[in-house]
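Notes follow the structure.
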Amino acid sequence: MNFFERLSKLDRRWVYLILAGVVVITVLMKFSTPIRINPEVRAIYDFVESRKAGSYLHLAVDYDPGSQAEMHPMTYAIMEQALAKDIKIIMTALSPNGPGMAEQAMLNIMDSVRLHTGKEVVYGRDICFLGYKPYPGIVILSMGQNYRISFPSDYYNTPTDSLPMMQGIVNYSNVDGIVLITGTSGVDYWIAYANGRYNAPLAVGLTGVMAADYYPYLKSGQIFGLMGGMLGAAEYETLAGRPARAMEAMRVQVWAHMVIIIFILVGNIGFLASRRRGGAR
Amino acid sequence: MKKEIPLLIVFVSGLFMAVQFFVPHASSEFIYEFVMEWSIIIGIFALALGIWSLVRVSVNKIRRRSENWPYAIVILAGLAAMMVFALAWGGLESYMFRSFFNYVMIPLHATMFSLLAFFIASAAFRAFRARTALATVLLISALVLMLRFNPYLGPLGGPEAGLAQWVLNVPNLAAKRAIIIGIGLGMVATSLKVILGIERTYMGSD
Amino acid sequence: MKRYVIVFSAIMLLLTAVGWGQDTAGVAAAAPGGSPPEPPKNVRAFDTPYDNGHSITLTWESSASDTAGSLFLGYRILRSDTPDGPFVDRGLVPAGATTKDDKGVKEKEEDGYFPRNHDFYYKVAAVTAVGETESPVVGPVQGVGQWYNRGKTPVAVAVVIFTGLTLYFIVRAKRGAVLYIRPLAGIDAVDEAIGRATEMGKPILYVLGLGTAADIATIASFTILGRVAKKVADYKTSLIVPCYDPIVMIIAQETVKTGYYNAGKPEAYNQDSIYFLTNQQFAYVGGVNGIMLRDRPATNFYLGKFYAESLMLAETGTVAGSIQIAGTDEVTQIPFFVVACDYTLIGEELYAASAYLGREPVLLGTLKAQDYAKALIIACAIIGVLAASFGWTWFVQQFHVGN
């Protein structure tokens, strides 16, 4: 096998090893990457920023631990922004491991807000977590009628009616909007039911892989904002003035992309050169 | 009757849910909410059946000393441990349950998802080859889209960003919309087949 | 003395002027806001259209006092059961608004209960910092539930057209008409893939995906599983079906059992080969990858709903040396399967697979109906583009779907 054929048929383990090495090095080195803000991310930031104190936001935390690297920064940034503006947050989690993610985010942000601003965020008054129920399509439809159909009590088994912030809050028409952070295709249910059937303003934060496919919904107006993957989270952190995990992860992502591009080019050089030589395909 | 009754149930419920979409009256809403509540309850009971299946298969593997039977012990031990922590050791808020969730489950899930990066690299290395004209177009589109967020290979918002945005907004959007329209029609057709009893494999009969 | 009187008078005059200016300013400022605002005009109350009957819509023309920069606060909605009151506050809408839906819940025991078929009387009050001025009482008006939402008529028409097309082609197919459908490489490869597994003496792995039994992709996958099971029973190949959802597992067991019965080999059916693995996404893919690397199946089928794990499954299958046939309606995962699998069924091709495999007239008929419906959509899209270009908004408006 000549050099170009070897290049074309490089063992995948070399690819894994070099990629792992680059990721480790960029995690250990500290430098920042410049970020451009896209209008679809700014739309979400501006929406939350324009809400008045005392208004309501439904934050749907529908992702599992596997996606938390991309999704947690979005959740944290939005919650911090909303709580700083005294916007009340209703949280739900419709993926099986979502409750763990949602509760972790809620408790961490409540502590963080208290530490950085001195403001006391009170559960039940400023924020509540309704929990998880299976079959997301059915739950999303039922919340459009009344939150209490699927969530007669919250995650901690407190009756929903006894939570001070849920007084007078019946369904989507009583909240200013829904921000969905998800790595599953449950987003289709939210678009079809929450926005399509009940006209609730909806913005989404998705994994990088999914984001490209939801631009049609942005263009058609079914969602008013879109955050895509780690980059979307980094843009939001930049807008909120709180660079954190996503900004750190961006430098790793940029260099990992470059390594993959180099491998693609290397593979094509090997392929084209060996084809030109009449080598084995 | 063993076949006819389920078909009748499917037909009536399918027809009702289809008609209910057009009927805003409170009476139809009432039945709709009733159905949704019971769907959730049935789903939860089905989970018990699934767990029973897993336990039975694992116990059989251990009993017969089938290949890789020690892994079946790991499955049963993990299942039992989490159930004990949740039911008898202080509930979902207990220290042990939360620790296993935060320090075992979450890292395992995150690790599995992170393997995707390596698989993407090896798949891209293997598949993005300029074999044909169309494959070359795919290769160039992939490179343009990956480069658009790269701050080192040009000014942000430069020509490559415009090209990438065009690829996303025009050919990508057009193709996705066409696939979505086809899927929508296919869904309607399959639902119609199920409601009319043409599609019956879910019942276990041909 | 005279000087002191002049200075004192000047100071008094100055103070008086300032005080007068303040009074004047207060009076001047109070004149627009100090007098009560003008009431809103032409207040109308009517049953909210196309709803469940627990809502009434109010519309009005803005008050003359509702101007930019004024102290106008908004409009208060007042409701009573009788024209003479007492009127209850139903909420305040901001300045500039000209409509409000007064609605509530349908459960009598809940707070916020809004009765249907009950006479209500309304007033709309213009509100400023100084006071409120109410409109005349309008009513009686009742909330009435409608039995048909006219806003969804375009959807109803589309459903009727498509159902009509489907029934027409089914009847034609039953009468023996030959319906052409284009070949699909992925479907044609199913038999070859099963044959390969039989020759190699290795099992077939069939993954139904992460969907529930209510997902159309999973239902389509059951159909293919039934046919694969029949062939597998004929060839005496082993079949492994790890399931993500318990209900899917139950249906898959019934489907495979029926396949074995139809092949005349009921005794060969092994229920333990179709089992529930887990309903955690990455735990499931870890389990399936383990099966692939240990059992080295000759053929992998990935047919159903897949998410981020699709590439992980397909790449592991490549490492294991399996031939792979995939099909999903998840648009985000199709590219991964196309890249990593030997054959991929894209979107609706998965739903069409049952018609391809069985070639039954009824199923082929529904396939033709889909094709004609697509042609109709393309025609509407072309007409729509022309209509939008020439400003024929009437055509586009026919496709608007209400709540």
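Every residue, every condition in (1) at pLDDT below 90; (2) in contact with a Leu (Cβ under 8 Å, 6 or more places away or on another chain); (3) assigned to a loop (DSSP other than H, G, I, E, B), yes or no:
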{"site": "C:Ser65", "(1), (2), (3)": "yes, no, yes"}
{"site": "C:Ala68", "(1), (2), (3)": "yes, no, yes"}
{"site": "C:Leu92", "(1), (2), (3)": "yes, yes, no"}
{"site": "C:His118", "(1), (2), (3)": "no, no, yes"}
{"site": "C:Tyr121", "(1), (2), (3)": "no, no, no"}
{"site": "C:Pro136", "(1), (2), (3)": "no, no, yes"}
{"site": "C:Gly145", "(1), (2), (3)": "yes, no, yes"}
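State whether one or more residues within the stretch C:240-250 are surrounded by 24 or more Cβ atoms within 10 Å (Cβ to Cβ) and among the charged types (D, E, K, R).
Yes: the stretch C:240-250 contains one or more residues that are surrounded by 24 or more Cβ atoms within 10 Å (Cβ to Cβ) and among the charged types (D, E, K, R).
Within the bounds of the stretch C:123-132, is there any residue that is surrounded by 15 or more Cβ atoms within 10 Å (Cβ to Cβ), outside the structural domain of C:Ser322 (by TED's automatic domain parsing) and hydroxyl-bearing (Ser, Thr, Tyr)?
Scanning the stretch C:123-132 turns up at least one residue that is surrounded by 15 or more Cβ atoms within 10 Å (Cβ to Cβ), outside the structural domain of C:Ser322 (by TED's automatic domain parsing) and hydroxyl-bearing (Ser, Thr, Tyr).
Take the stretch C:327-343 and flag every residue that is in contact with a helix residue (DSSP H, G or I) (Cβ under 6 Å, 6 or more places away or on another chain), of a type in the set (A, V, I, L, M) and under 20 Å from B:Ala121 (Cβ atoms).
C:Val339, C:Ala340
Considering only the stretch B:57-70, state which residues are within 8 Å of chain C (Cβ to nearest Cβ) and within 25 Å of the chain's Cα centre (by Cα).
Correct list: B:Val57 only.
Could you check how many residues of the stretch C:86-108 are of a type in the set (Asp, Glu), under 16 Å from C:Val43 (Cα atoms) and without any contact (Cβ under 8 Å) to a residue 24 or more places away in the chain?
0
Give the stretch B:10-31 a look and list any residue that's assigned to a helix (DSSP H, G or I) and over 25 Å from the mean Cα position of the chain (by Cα), or say none.
Passing the criteria: B:Phe11, B:Val12, B:Leu15, B:Phe16, B:Val19, B:Gln20, B:Ala26, B:Ser27, B:Ser28, B:Glu29, B:Phe30, B:Ile31.
Filter the stretch B:181-198 down to the residues that are β-branched (Val, Ile, Thr) and assigned to a helix (DSSP H, G or I), then identify the one that is farthest from the other protein chains (Cβ to nearest Cβ).
Top of the filtered list is B:Ile195.
Return the only residue of A:Phe47, A:Phe4 being within 14 Å of another protein chain (Cβ to nearest Cβ) and in contact (Cβ under 8 Å) with a residue 40 or more places away in the chain.
None of the others qualify; the one that does is A:Phe4.
List the pairs whose first member sits in the stretch B:108-120 and is over 18 Å from A:Ile262 (Cβ atoms) and more than 7 Å from every other protein chain (Cβ to nearest Cβ), whose second member is in a helix (DSSP H, G or I) and among the polar types (S, T, N, Q), and whose Cβ atoms are under 9 Å apart, counting only residues at least 6 apart or on separate chains?
Cβ pairs passing all conditions: none.
Across the stretch C:32-61, what is the total count of residues that are outside any strand (DSSP E or B), free of Cβ contacts under 8 Å to residues at least 40 places away in the same chain and in the same structural domain as C:Tyr113 (by TED's automatic domain parsing)?
Going through the stretch C:32-61 one residue at a time, the tally reaches 0.
Listed here are the residues, each with its yes/no results for (1) of a type outside the set (A, V, I, L, M, F, W, C); (2) in the same structural domain as A:Lys219 (by TED's automatic domain parsing); (3) over 24 Å from A:Thr182 (Cα atoms).
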position: A:Asp11; (1), (2), (3): yes, no, yes
position: A:Asp46; (1), (2), (3): yes, yes, no
position: A:Ser55; (1), (2), (3): yes, yes, no
position: A:Tyr76; (1), (2), (3): yes, yes, no
position: A:Ala82; (1), (2), (3): no, yes, no
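I want to confirm something. Restricting to the stretch C:347-383 and keeping residues that are acidic (Asp, Glu) and closer than 29 Å to C:Phe336 by Cα, which single residue is surrounded by the most Cβ atoms within 10 Å (Cβ to Cβ)?
Here the answer is C:Glu348.
Could you tell me whether the stretch B:124-138 includes any residue that is within 19 Å of C:Val338 (Cα to Cα), crowded, with 16+ Cβ neighbours inside 10 Å and of a type in the set (Ser, Thr, Tyr)?
No, the conditions are met nowhere in the stretch B:124-138.
Identify, by number, the condition in (1) in a helix (DSSP H, G or I); (2) surrounded by 12 or more Cβ atoms within 10 Å (Cβ to Cβ) that B:Phe45 doesn't meet.
Just one mismatch for B:Phe45, condition (2).
Restricting the search to the stretch C:384-395, which residues are away from chain B (no Cβ under 13 Å) and loosely packed, with under 15 Cβ neighbours inside 10 Å?
Matches in the stretch C:384-395: C:Leu386, C:Ala388, C:Ser389, C:Phe390, C:Gly391, C:Trp392, C:Thr393, C:Trp394, C:Phe395.
Which residue out of B:Phe11, B:Phe101, B:Phe97, B:Phe21 is surrounded by 13 or more Cβ atoms within 10 Å (Cβ to Cβ), aromatic (Phe, Trp, Tyr) and away from chain C (no Cβ under 14 Å)?
B:Phe97
Please verify whether the stretch C:149-161 includes one or more residues that are among the polar types (S, T, N, Q), closer than 30 Å to C:Thr57 by Cα and surrounded by 15 or more Cβ atoms within 10 Å (Cβ to Cβ).
Yes: the stretch C:149-161 contains one or more residues that are among the polar types (S, T, N, Q), closer than 30 Å to C:Thr57 by Cα and surrounded by 15 or more Cβ atoms within 10 Å (Cβ to Cβ).
From the list C:Thr218, C:Thr223, C:Thr212, which one is crowded, with 24+ Cβ neighbours inside 10 Å, within 18 Å of A:Asp188 (Cβ to Cβ) and in the same structural domain as C:Ala298 (by TED's automatic domain parsing)?
Unique residue meeting the criteria: C:Thr218.
Report, ordered by the first and then the second residue, all pairs with beta carbons closer than 9 Å, sequence separation of six or more or different chains, a first member in the stretch B:64-92 that is under 16 Å from B:Leu54 (Cα atoms), and a second member that is among the polar types (S, T, N, Q) and not in a helix (DSSP H, G or I).
Hits for this filter: B:Ala72/B:Ser66; B:Ile75/C:Thr278.
The values are calculated or read from the model by the stated rules, or taken from the named source; none is laboratory data. Keep in mind that this is a model prediction, so the values were computed, not measured. In this analysis, Cβ positions are derived from the backbone assuming ideal geometry, glycine residues included, and neighbour counts consider all displayed protein chains.
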